[in-house]
Amino acid sequence: MPAEPIGCPPWRIIHHQTLDSTNLEALRLAQQGAEAGTVVAADTQTAGRGRLGRKWADAPGSCLLMTVLVHPPAHCAGLLGAAMALAAAEATSALTGASPAIKWPNDLLLGGRKMAGILAEGPRNGLIAVGIGVNVNGDPDDLPYGLRETATFISHEAGHHIDLHAFRQSLLDRLGAYLQALDEGQSAGVVEGVRRFDCLAGRAIHAQAGSTLVEGIALGWLDDGRLAVRDAAGNETALDGGEVTLI
Ligand code: ATP
């Protein structure tokens, strides 16, 4: 177990109107000695990022753009993104009744379209930056042209406005509890939680993780956060990152 708490409440929230990226700012703060539990939030990002150098777009003032700094838990660092995804899925469900799907490893979908993405980076000075971008209030047309068919907003699916502050608080409350559990080596709640929202298990997928290419049936989240896949020959592979496409 880490000597210091993983980074649970009380959160220290630092809010900016504009940042290049909440993850980048959090990593800079970590470098300067910021503590676990620091939360960096912004109304808009000028250089929001996804995985593999991809861009994360936002509609200014309408999205939750936030990064938390945490100590990596000793035995389940692979579940930090899962804890964030689960907290966001539950907060969405609690505020709207809508049930998002978690698409391994880092996306949340509503109505089959992407409503949120998660990016964990680091360590920097012993801390991991776990960032999330959630499309909260708006319409897909508020996003760049190329995303209008694939992205959605919670309010668009729920049919009503969401209190952004209440959403952030609900997410952070849940995240704090899950991080605490991971810190104590109790990962079952997080794993069972993401399995409840998982949209891949039992589906035919195509997955690319580095040089590994797998086509088969997704078996679901493993206890350590990897995705189990069974190919046509019956071989099982555990992916620890990568890109999954539903066939
Ligand atoms: P994919 O979503 O294609 O499976 P990925 O999960 O690896 O890829 P991320 O790194 O999580 O993608 O996020 C970056 C991608 O998400 C971008 O390439 C773009 O397609 C999409 N995207 C960017 N901004 C948004 C947004 N606000 N809402 C929904 N999707 C977005």
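The values are calculated or read from the model by the stated rules, or taken from the named source; none is laboratory data. Being a predicted model, the structure only gives us computed values, none of them experimental. For neighbour counting, all protein chains shown are included, and Cβ atoms are generated from backbone atoms with ideal geometry for every residue, glycine included. Surface accessibility is based on the protein's heavy atoms, side chains included, excluding ligands, DNA and RNA. Shrake-Rupley method; radii C 1.70, N 1.55, O 1.52, S 1.80 Å.
A few points about this structure:
- Accessible surface for the chain, divided over its residues, is 44 Å² per residue with a 1.4 Å probe.
- Peptides ranked, highest mean first, by Cβ atoms within 10 Å: ranges 223-233, 151-161, 130-140: 130-140, 151-161, 223-233
- Prolate is the label for region 125-194, because a/c, from the alpha-carbon gyration tensor with a ≥ b ≥ c as root eigenvalues, is 1.5 or above and a/b exceeds b/c.
- Legend: translational diffusion of region 142-247 by Stokes-Einstein, Rh = Kirkwood radius over C-alpha pairs, 25 °C, 0.890 mPa s; D = 149 µm²/s.
- Shape of region 30-167 from the C-alpha gyration tensor: prolate (a/c of 1.5 or more and a/b above b/c, with a ≥ b ≥ c the square roots of its eigenvalues).
- For the chain, carbon and sulfur atoms together expose 49% of the accessible surface, with a 1.4 angstrom probe and every protein chain in place.
- Among complete DSSP H helices in the chain, those whose alpha-carbon atoms stretch at least 27 Å along the helix's long axis and whose mean Kyte-Doolittle hydropathy reaches -0.5 are 164-183.
- A viscosity of 1.002 mPa s and a temperature of 20 °C, combined with the Kirkwood radius over C-alpha pairs in the Stokes-Einstein formula, give region 204-246 a diffusion coefficient of 214 µm²/s.
- Summed side-chain charge close to GLU243 - residues other than GLU243 whose Cβ falls under 14 Å, Lys, Arg +1, Asp, Glu -1: +1
- About the Cα centre, charge dipole magnitude for region 204-246 (Lys/Arg +1, Asp/Glu -1 at Cβ), debye: 80 debye
- Taken over the chain, the percentage of Cα pairs per 5 Å bin, counting from 0 up to the bin with the maximum distance, is 1, 7, 14, 18, 20, 17, 13, 7, 2, 0, 0.
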